[in-house]
Amino acid sequence: MNNQNLSQLQLINKFFQQILKEIDIGVHVIDHEGKTIIYNKKMAEMEGMDYSDVLDKELLDVFSFHKDEASTLLRALTHGEKIINAKQTYFNNKGQEITTINNTFPVSDGGVRIGAMEIARDVTKLEKLIRENMNKKGNTRYTFDSIIGSSEEIKNVIESSKRATRTSSSVLIVGDTGTGKELFAQSIHNGSHRSSKPFISQNCAALPDSLIEGLLFGTKKGAFTGAIERPGLFEQAEGGTLLLDEINSLNPALQAKLLRVLQERMVRRIGDTVDRKVDVRIIATINEDPIDAISDGRLRKDLYYRLSVVSLFIPPLRDRRKDIQDLVRFFIEKYNHLFGMKVQGIDDHVLSVFEQYDWPGNVRELEHVIEGAMNLIVHEEKIGYLHLPIHFRNKPQFKNDDFTPKFPADHLKESSKQIKSLDEYMDEAEKNYLEKVLQRHQYNITQAAKSLCMSRQNLQYRLKKHQIRKEETIERGNIHF
């Protein structure tokens, strides 16, 4: 090798080392003996390791795995297996648990397997949060750490909510549909001394009056035909918190009975003559201005005063637009984890649309839009305007020139009456391609999804969307790659 080639090789090696150092994704490569030969900075950060702990060491001397789970790197090395978007949980040499999403590949030279390489994304924190939420007592999943946003509007509500955890006073949470009222209710419960006791939630609009009364206060056997001896939600929530959602949907008679329970801390089952003492904190929610509800007869004034010892007003998303970017990042990461995807964010045009939209459905609507968009992404790294659900793009405010993306006019060789819309063209192209891929894999959904680098759930959603059925695909036997 001459000096020029040697110099070029050294230069390439420097670039290679710099790339490994700077990229925001973990890289781990082992040789044919299972020893680490490449281990970048991001991987070391993810695994909480020093280079010296890993380089030139056998993988199993450094990391340990669950009995029923083998290392994806060693699977690729031993079996020549290509593994895409696999979640793996393992432990470093300090016993710390790590969870990653891996793309792992065998490396061969002249037909001989010489090693394996892994590209990994860290989901340790997300996995820990999900596990903690699942393990919480009862059905409470949220704490104040779950509330996303840095705007002054939301920070003020969080601060007031945290103060409410110190007492057992009733709380009335006011906010539009989709603002996250139950999230705040659960956070208050989990932050209080009642956190180890039950948290029970009941939507007062979900059941008719005849059923909701028995559900809330309980029934005595024989009180009416079919009645059994059953404690109500007040008794079931003993020592804990009872959330009454949409309290304004209860009829005035039930509101009066509820007021009596709140005042006397005693509950009487339907058909019974015995009062039972209860120790329950009440949190109620309402999705309209309480004053309007009182004026229109949907909320008793005396019940309002009893419930609103602490009043929290959750701002709608249109009043906390600063939080939109944080919420978008959170929902993208959430559905990346659920769908096995690697979406990096949204493009500038979509962000502009989001920041100018009023979000009548609030945070819940934003989450649904993100989830819908990620079901339409194939290989793109960012959510673009055309990935947004069509019902969202068809809203009147997005029909003007300020919102519609611009495309070069010289790309259109025919008049608008002679060509299909872009949505129609993209839908048709996607349907045809999916049919081809399904044919190649004899309509094996799992294999087809793997070859398309998408989740099985994502593929099934698209098949349903395009009404693609196995019989129709087989009949089109003249389709070839």
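Is it true that residue 30 is in a strand (DSSP E or B), modelled with pLDDT of 90 or more and surrounded by fewer than 16 Cβ atoms within 10 Å (Cβ to Cβ)? No: the conditions fail for residue 30. Counting just the residues of region 165-192 that are touching a Ser or Thr at 6+ places or on another chain (Cβ under 7 Å) and either in a strand (DSSP E or B) or of a type in the set (S, T, N, Q) (or both), which one comes out farthest from residue 303 (Cα to Cα)? Ranking the candidates gives 190 first.
Pairs linking a residue in region 235-259 that is free of Cβ contacts under 8 Å to residues at least 60 places away in the same chain and under 15 Å from residue 283 (Cβ atoms) to a residue that is in a loop (DSSP other than H, G, I, E, B) and of a type in the set (Ser, Thr, Tyr), with Cβ atoms under 7 Å and 6 or more positions apart or on different chains, do not occur. Whenever a residue of region 368-381 is closer than 15 Å to residue 333 by Cα and of a type in the set (D, E, K, R), its partners that are at pLDDT below 90 and not in a helix (DSSP H, G or I), lying with C-beta atoms within less than 8 angstrom and at least six residues away or across chains, give the pairs 381/342.
Just one of the listed residues (391, 441) is of a type outside the set (Ser, Thr, Tyr), closer than 29 Å to residue 351 by Cβ and at pLDDT 75 or above, namely 391. Filtering region 36-46 for residues that are closer than 16 Å to residue 88 by Cα and in contact with an Asp or Glu (Cβ under 6 Å, 6 or more places away or on another chain) leaves a non-empty set. Listed by position, the helices (runs of 4 or more DSSP H) contained in region 49-94 that have at least 2 residues being out of contact with any Cys (no Cβ under 6 Å at 6 or more places or on another chain) and either assigned by TED's automatic domain parsing to the domain that holds residue 450 or of a type in the set (Val, Ile, Thr) (or both) are 72-79.
For residues that are part of a strand (DSSP E or B) and in contact (Cβ under 8 Å) with a residue 24 or more places away in the chain, tally how many sit in region 33-48. Residues flagged as part of a strand (DSSP E or B) and in contact (Cβ under 8 Å) with a residue 24 or more places away in the chain within region 33-48 amount to 4.
Residue 83 passes every criterion in (1) without any contact (Cβ under 8 Å) to a residue 60 or more places away in the chain; (2) farther than 21 Å from residue 336 by Cα; (3) among the aliphatic types (A, V, I, L, M) apart from (2). The strands (runs of 3 or more DSSP E) found wholly in region 208-288 and carrying at least 2 residues that are farther than 17 Å from residue 309 by Cα occupy 266-268, 275-277. Selection of region 335-368 for residues being within 24 Å of residue 395 (Cα to Cα) and among the aliphatic types (A, V, I, L, M) yields 346, 350, 351, 353, 363, 366.
The values are calculated or read from the model by the stated rules, or taken from the named source; none is laboratory data. What you see is a predicted model; the values in this text were computed from it and never measured. Positions of Cβ are generated from backbone atoms using ideal geometry, with glycine treated the same way; all protein chains shown enter the neighbour counts.
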